[in-house]
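Novice: This structure is in structure tokens; I'll ask about it shortly.
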Amino acid sequence: MFKSVFIAGLVGLTMIGGAASATELQVKMRNQGAEGPMVFEPSTAKLKVGDTIRFTPADPGHNVESIPGLAPAGVAPVKGVIGKEVVVKVAKPGVYGFKCFPHWSMGMVFVAKVGDAKLDPAVANATLASAPPLTKRRLTAAFNAIK
Ligand SMILES: [Cu+2]
């Protein structure tokens, strides 16, 4: 009896310690935001290794997917379901890019820098070259914001 209470107490303390060191960023998927139509809010972030990003559908019709090339080597791509929340733990330093698949051409993108990382200019240029005009504009702003 005493032993099980003691262990439960230890588990509780461990969880509190973990919550204090890593933070969770809330990102809303919206039809309309401060930056215009079809946005992740916020659209950029600077995070620590081990933090999490919680993408929440504030409006229907959005999803979260990795932008090819915008993730550290060895990180599995994310492919969320439309209308569903997605939680991503950023366990490696680097630059992470996500898009909403239906609204890629409208520039619905999110970019995070995790840890002390720099965006490879070749990767940035290749991503911008493959992006439609609105997306290119928002991605350029996002890349500048995380510098
Ligand atoms: Cu969308």
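Here, each number is a calculation from the coordinates, and none is a lab measurement. From a predicted model like this one, the values you see are computed outputs, not experimental measurements. For neighbour counting, all protein chains shown are included, and Cβ atoms are generated from backbone atoms with ideal geometry for every residue, glycine included.
Novice: Of all beta bridges DSSP finds with both residues in the chain, what is the antiparallel percent, to the nearest 5? Provide the component values of the computation, followed by the final result.
Specialist: On the way: 18 of 28 bridges.
Counting only bridges with both partners in the chain, antiparallel ones make up about 65 percent.
Novice: Using mean Cβ contacts within 10 Å as the protection proxy, how do 34-40, 141-147 order, highest first?
Specialist: On the way: 34-40: 18.0, 141-147: 15.6.
The most tightly packed comes first, giving 34-40, 141-147.
Novice: Something else now. Spelling out what I want: for every residue of the stretch 44-54, take phi, set θ = phi - 60°, compute 6.51 cos²θ - 1.76 cosθ + 1.60 (Karplus), and round to whole Hz; glycine and proline get x.
Specialist: Each residue's phi maps through the Karplus curve to give 9, 7, 10, 10, 9, 4, x, 5, 10, 10, 10 Hz.
Novice: Would you please give the residues with an amide H less than 5 Å from that of Val27, counting only those at least 5 places away or on a separate chain, with H modeled from the backbone geometry?
Specialist: Amide H neighbours of Val27: Arg54, Phe55, Thr56.
Novice: Taking only the alpha carbons of the chain, what extent do you get along each of the three principal axes, in Å, biggest first?
Specialist: Principal extents (Cα only, largest first): 64, 33, 25 Å.
Novice: Related question: Multiply the residue gap between Ala76 and Leu128 by 0.36 nm, knock off their C-alpha separation, and tell me the result in nm, one decimal place.
Specialist: Numbers: separation 52, 0.36 × 52 = 18.72 nm, distance 2.17 nm.
Stretched fully, the Ala76-Leu128 segment lengthens by 16.5 nm.
Novice: Grab the DSSP H runs of the chain that are 4 residues or longer, score each as -39,500 (n - 2.57), total them, divide by all residues and round the 222 nm result to the nearest 500 deg cm²/dmol. Spell out each step's value before the answer.
Specialist: Working: 3 runs with 42 residues, N = 147.
Computed mean residue ellipticity for the chain: -9000 deg cm²/dmol.
Novice: A follow-up question, please. What are the ³J(HN,Hα) values, in whole Hz, obtained from phi via the Karplus relation 6.51 cos²θ - 1.76 cosθ + 1.60 with θ = phi - 60°, for each residue of the stretch 72-89 in sequence order, with x given for Gly and Pro?
Specialist: Once θ is set to phi - 60°, the couplings for the stretch 72-89 become x, 4, x, 8, 5, x, 9, 9, x, 8, 4, x, 10, 5, 10, 10, 10, 9 Hz.
Novice: Can you list the residues, at least 5 places off or on another chain, whose amide H is less than 5 Å from the amide H of Gly50, using H built in the peptide plane?
Specialist: For Gly50, whose amide H was placed from the backbone, the distant partners under 5 Å are Val90, Ala91, Lys92.
Novice: Quickly rank 124-134, 97-107, 42-52 as a protection proxy: mean count of other C-beta atoms within 10 Å, highest first.
Specialist: So the order, starting with the most tightly packed, is 97-107, 42-52, 124-134.
Novice: Simple spin-label model, 7 Å along Cα-to-Cβ: Gln26 to Lys118 in nm?
Specialist: Spacing of the two 7 Å Cα→Cβ label points: 3.6 nm.
Novice: Taking a 18 Å limit on the Cα-Cα distance, which of the listed pairs Lys48/Lys92; Lys79/Lys99; Lys79/Lys136; Lys46/Lys92; Lys28/Lys92; Lys79/Lys147 fall beyond it? List each step's numbers first, then the result.
Specialist: Numbers: Lys48/Lys92 9 Å; Lys79/Lys99 10 Å; Lys79/Lys136 21 Å; Lys46/Lys92 13 Å; Lys28/Lys92 23 Å; Lys79/Lys147 26 Å.
Beyond 18 Å between Cα atoms: Lys79/Lys136; Lys28/Lys92; Lys79/Lys147.
Novice: Quick one: angle between helix 133-145 and the longest Cα principal axis of the chain, in degrees between 0 and 90, rounded to 10, please.
Specialist: 50 degrees
Novice: Can you list the residues, at least 5 places off or on another chain, whose amide H is less than 5 Å from the amide H of His62, using H built in the peptide plane?
Specialist: Gly83
Novice: Right, here's the next one. Can you check what the net charge comes to around Ala131, using other residues whose Cβ is under 12 Å from the Cβ of Ala131 (Lys, Arg +1; Asp, Glu -1)?
Specialist: Details: positive: Lys99, Lys136, Arg137, Arg138; negative: none.
Overall, the nearby charge balance is +4.
Novice: For Lys92 and Glu41, compute 0.36 nm times the residue count separating them, minus their Cα-Cα distance, and round to one decimal in nm.
Specialist: Working: separation 51, 0.36 × 51 = 18.36 nm, distance 2.26 nm.
Fully extending the segment from Lys92 to Glu41 adds 16.1 nm.
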